[in-house]
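Down below is the structure, laid out as structure tokens.
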Amino acid sequence: QVTLVESGGGLVQPGGSLELSCVATGSIFTIGVMGWYRQAPGKERELVAGITSSMSTNYADSVKGRFAISRDNAKNTVYLHMNSLKPEDGGVYYCNVDRLTTWRGPLYDVWGQGTQVTVSS
């Protein structure tokens with residue numbers, strides 16, 4: 001069984017920093033694009049950042065220059081470094097993998113359970 005386990009959320013003051021982590025567990029051979037999404041109350045889930053297995057990245061315009069996504073392929077882990085946080089960055093952050101392969105075959109669109117980020121003074 002493959003699961004994505006997020007950690008690192010919490011309460012932070014505006015202007016502060018947080019680092020989120022997401023590890024993919026299970027008998028995994030390869031992982032495609034890993035990404036972070038967020039969902040604020042009453043809003044749709046949106047892409048925050050994504051990173052391919054070859055380390056190409058993309059970001060939502062609202063976080064460019066403040067957030068950085070990275071991954072460690074050997075550890076099946078993706079990180080989101082968040083700086084200069086604003087109240088509007090708050091929400092539940094979800095880890096996603098678009099495709100991964102296991103001994104049972106490929107899996108698509110795998111999601112973590114989410115971690116809460118609150119930016120408030």
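Restricting to the range 72-82, what's the tally of residues that are more than 10 Å from the chain's Cα centre (by Cα) and either over 26 Å from GLY15 (Cβ atoms) or surrounded by fewer than 22 Cβ atoms within 10 Å (Cβ to Cβ) (or both)?
So the first thing to find is which residues in the range 72-82 are more than 10 Å from the chain's Cα centre (by Cα), and the list is 72-76, 82.
Adding the requirement that they be either over 26 Å from GLY15 (Cβ atoms) or surrounded by fewer than 22 Cβ atoms within 10 Å (Cβ to Cβ) (or both) leaves 72-76.
Residues in the range 72-82 being more than 10 Å from the chain's Cα centre (by Cα) and either over 26 Å from GLY15 (Cβ atoms) or surrounded by fewer than 22 Cβ atoms within 10 Å (Cβ to Cβ) (or both): 5 in total.
Could you list, in sequence order, the residues of the range 85-115 that are under 11 Å from VAL12 (Cβ atoms) and not basic (Lys, Arg)? Give the steps one after another, and end with the answer.
Here is the first cut: in the range 85-115, the ones under 11 Å from VAL12 (Cβ atoms) are 85-87, 89-90.
Selection gives LEU85, PRO87, ASP89, GLY90.
Among residues of the range 47-58 that are in contact (Cβ under 8 Å) with a residue 24 or more places away in the chain, those with a Cβ under 6 angstrom from a residue that is charged (D, E, K, R) and surrounded by 15 or more Cβ atoms within 10 Å (Cβ to Cβ), sequence gap 6+ or separate chain, pair up as VAL48/ARG38; ILE51/ARG71.
Could you run through the range 93-105 and say how many residues are surrounded by fewer than 19 Cβ atoms within 10 Å (Cβ to Cβ) and at pLDDT 95 or above? Final tally of qualifying residues: 3.
Of the residues that sit in the range 3-30 and are under 14 Å from the mean Cα position of the chain (by Cα) and closer than 12 Å to VAL97 by Cα, which one is surrounded by the fewest Cβ atoms within 10 Å (Cβ to Cβ)? Filtering the range 3-30 for residues that are under 14 Å from the mean Cα position of the chain (by Cα) and closer than 12 Å to VAL97 by Cα, the one surrounded by the fewest Cβ atoms within 10 Å (Cβ to Cβ) comes out as THR3. Out of contact with any Phe, Trp or Tyr (no Cβ under 9 Å at 6 or more places or on another chain) and either open to solvent by less than 40 Å² (accessible area, probe 1.4 Å) or modelled with pLDDT under 95 (or both), is that true of ALA40? Taking the combined requirement at face value, the residue satisfies it.
Among the residues of the range 31-75, those that are β-branched (Val, Ile, Thr) and assigned to a loop (DSSP other than H, G, I, E, B) comprise VAL33, THR52. Taking the numbered list (1) surrounded by 17 or more Cβ atoms within 10 Å (Cβ to Cβ); (2) touching a Leu at 6+ places or on another chain (Cβ under 8 Å) in turn, TYR59 passes all entries but (2).
The values are calculated or read from the model by the stated rules, or taken from the named source; none is laboratory data. Bear in mind that the values here come from a model prediction, so they are computed numbers and not experimental data. For neighbour counting, all protein chains shown are included, and Cβ atoms are generated from backbone atoms with ideal geometry for every residue, glycine included. In case anyone asks, the SASA skips ligands and DNA or RNA and just uses the protein heavy atoms, side chains included. Shrake-Rupley method; radii C 1.70, N 1.55, O 1.52, S 1.80 Å.
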